[in-house]
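Worksheet: one structure, shown below.
What follows draws every value from the coordinates through simple rules; no lab data is involved. On a predicted model such as this, the values are computed, not experimentally measured, just so you know. Ideal geometry is used to build each Cβ from the backbone, glycine not excepted, and the neighbour counts take in all protein chains shown.
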Amino acid sequence: MIQEIQSLMDEYTQWLRSQTALRVVDSHVEITTPFLDRHNDHLQIYARRDNGDFLLSDDGYILEDLQMSGCKLDSKRRRHLLLTVLNGFGVQLDGDRLIAKATRRNFASRKHSLIQAMLAVNDMFYTATQTAASLFFEDVTEWLELNDIRFVPNVKFTGRSTYDHVFDFAIPKSKSKPERIVQAINRPSRETAEVLTYAWIDTKDARPVDSEAYAILNDVDKAITPTIISALQNYDIHAIRWSEREAVKRELAA
């Protein structure tokens with residue numbers, strides 16, 4: 001089993017390297033990653049020297065894109081939630097830019113954290129239709145609280161790769177159930193499934209042996225393809241459609 005997982009990790013690293021492109025843009029290096037945003041465009045980050053170290057930035061893309069789509073972040077509650085999410089990844093807000101500072105030693109992990117933050121912010125705040133009354137993350141939080149499901153929000157675990165991964169909720173172990181890690185995915189796609197799958201594979205060995213992972217998938221406005229469900233289940237992640245959440249209420253509350 002360990003050799004199989006190591007092989008999967010090696011394949012992921014090779015894929016990540018082969019699908020990453022660099023080019024010089026003025027005083028920055030533009031890094032095009034294999035991860036896609038909601039427009040199916042590759043996420044890009046920009047790196048420049050900063051007093052001997054490096055400054056990484058999304059150049060304001062994520063927040064500008066959300067604002068142009070009508071998702072404004074000018075309310076106190078949304079601003080607080082934005083900063084909470086960014087703090088979980090160790091990413092700062094500089095005007096409308098998401099930034100992360102890095103040294104030569106931790107460049108890879110800080111780049112990884114910035115990409116995770118870009119995906120998380122885009123996924124958490126984007127509301128695709130007028131019928132979306134609230135943020136999906138908040139909906140899941142309210143549902144957990146309503147059903148007396150105890151949880152710790154925004155937990156960070158370090159994986160075998162030494163990269164940090166942030167999960168939305170952790171439900172502590174009880175007498176009858178093991179620790180459960182829960183991720184709320186507002187925009188289920190191949191890319192968001194891959195990010196969660198990698199995070200779970202990377203951190204699973206560092207958690208108690210019987211820990212379980214759950215993905216709560218928003219299917220309110222768009223049906224979820226069976227391939228996304230299968231991709232998650234193949235790596236022992238319980239894939240739960242939001243419309244079917246009541247089916248797991250008892251096992252999460254136990």
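Worth pointing out:
- Paired Rg and Dmax values of region 136-253, which use every Cα atom, in angstrom: 13.4, 37
- Flagged links, alpha-carbon separation over 20 Å, of 173/249; 173/204; 177/222; 175/249: 177/222
- From largest to smallest, the equivalent ellipsoid semi-axes obtained for the chain from the alpha-carbon gyration tensor read 29, 23, 17 Å.
- Burial order of peptide ranges 12-23, 219-230, 235-246 (average beta-carbon count within 10 Å, highest first): 235-246, 219-230, 12-23
- Principal-axis tilt of helix 107-125 within the chain, Cα atoms, nearest 10 degrees: 60
- In terms of other Cβ atoms within 10 Å, 97, 180 run from fewest to most in the order 97, 180.
- Dividing the mean sequence gap of close Cα pairs (under 8 Å, 6+ apart) by how many residues the chain holds gives a relative contact order of 12 percent.
- Fraction of beta bridges assigned by DSSP in the chain that are antiparallel (%, nearest 5): 75
- Considering only alpha-carbon pairs that sit under 8 angstrom and 6 or more positions apart, the relative contact order computed for region 136-253 is 24 percent.
- Highest mean packing first, where packing is the average number of other Cβ atoms within 10 Å per residue, the peptides 112-123, 85-96, 54-65 line up as 112-123, 54-65, 85-96.
- Helical mean residue ellipticity (222 nm; -39500 (n - 2.57) per DSSP H run of 4+; nearest 500) of the chain: -12000 deg cm²/dmol
- Charge sum, other residues only, whose C-beta stays under 13 Å from residue 106's C-beta, Lys/Arg counted +1 and Asp/Glu -1: +3
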